[in-house]
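In what follows, a single structure is set out as structure tokens and then discussed.
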Amino acid sequence: MKSMKSAAQAGFTLIELIVVIVILGILAATALPKFVSFGSDARLASLNAAKGAFSSAASMAKGKYLVAGGTSTVVEGSTVTFVTGNGYPQADAPFAAAAGLNATDYTFYTTPGAATGTTPLVPTGGIVIVPNSVAGTATGVTCSLAYIQPAASSTAAPTYTPPTAC
């Protein structure tokens, strides 16, 4: 004859498993937006670092121009061409390379043109960089940084158009 004593529980009941899964789902739903924004924050930080790189490279090139003159100089192995009569670098791919920016991380736009649904506005005398993770997308239109060379014979420094959203 079998004893009527209840046997020791060997595992979790179906109800307990469902409750745990629901709790994990709620936690995941609240944590996911925080992880999604990390990508945006990383792209924004990357573009801010690129702005610093552009600014430093432009200052170094301007210093070399003031000391030696000429129409170009070599900075970090790249030949940087100066804006005529100004001494700041022209906005082109060799200047971006001198600033330490490369195609592994960024897509470069150098041909002036209006923004489209997937490409940013490229001002005349400017170079625009977009992180490769969003290049060619609608996000890449606003998640971009532009370096705009000063006008010839101007004493003004280069200007930058920062990203509006990433």
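Between Ser133 and residues 5 or more places away or on another chain, which pairs have amide H atoms under 5 Å apart, with H built 1.01 Å from N, and which residues are they?
none
Using Kirkwood radius over Cα pairs in Å as the read-out, say which of (1) 19.8; (2) 19.0; (3) 16.7 was calculated from these coordinates.
Correct label is (2).
Tell me, what is the FRET efficiency for Ala152 and Ser37 to the nearest 0.05, using R0 = 30 angstrom and their Cβ-Cβ distance as r? Before the final figure, lay out each step's value.
On the way: r = 42 Å, r/R0 = 1.40.
Computed FRET efficiency for Ala152 and Ser37: 0.10.
What percent do you get for the relative contact order of the chain when only Cα pairs under 8 Å and 6+ apart count? Each step should come with its number before you reach the end.
On the way: 261 pairs, mean separation 29.3, N = 166.
Here the relative contact order equals 18 percent.
Any chance you could give the angle, 0 to 90 degrees and rounded to 10, that helix 14-68 forms with the longest Cα principal axis of the chain?
10 degrees
Can you compute the charge dipole magnitude of region 39-161 about its Cα centre, using +1 on each Lys and Arg Cβ and -1 on each Asp and Glu Cβ, nothing else charged? Give it in debye, rounded to the nearest 20. Write out the running numbers ahead of the final one.
Values: 4 positive and 4 negative charges, 36 e Å.
Dipole about the Cα centre, nearest 20: 180 debye.
Test of understanding: in a Gaussian network model of the chain with alpha carbons linked when under 10 Å, which of Leu121, Leu27, Leu17 would top the mean-square fluctuation ranking?
Of the options given, Leu17 has the highest mean-square fluctuation.
Dipole of the chain (Lys/Arg Cβ +1, Asp/Glu Cβ -1, origin at the Cα centre): which of Val22, Phe35, Gly117 lies farthest to the positive side?
Toward the positive end, the furthest listed residue is Val22.
What length, rounded to one decimal in nm, is gained on full extension from Ala29 through to Thr79, with 0.36 nm per residue of separation minus their alpha-carbon distance? Could the numbers behind the result be given before it?
Details: separation 50, 0.36 × 50 = 18.00 nm, distance 5.06 nm.
Result for the pair: 12.9 nm of gain on full extension.
Running a GNM on the chain with Cα contacts under 10 Å, which residue among Leu14, Leu32, Leu145 ends up with the highest mean-square fluctuation?
Its mean-square fluctuation being the largest, the pick is Leu14.
Could you work out the relative contact order of region 77-123? I mean the mean sequence separation of Cα pairs under 8 Å and 6+ apart, divided by the number of residues, in percent. Spell out each step's value before the answer.
On the way: 42 pairs, mean separation 11.7, N = 47.
Relative contact order for region 77-123 comes out at 25 percent.
What residue among Ala53, Ala31, Ala99 shows peak mean-square fluctuation when the chain is described by a Gaussian network model with Cα springs under 10 Å?
Ala31
Here, each number is a calculation from the coordinates, and none is a lab measurement. Bear in mind that the values here come from a model prediction, so they are computed numbers and not experimental data. Every residue, glycine as well, gets a Cβ built from its backbone with ideal geometry; the counts of neighbours run over all protein chains shown.
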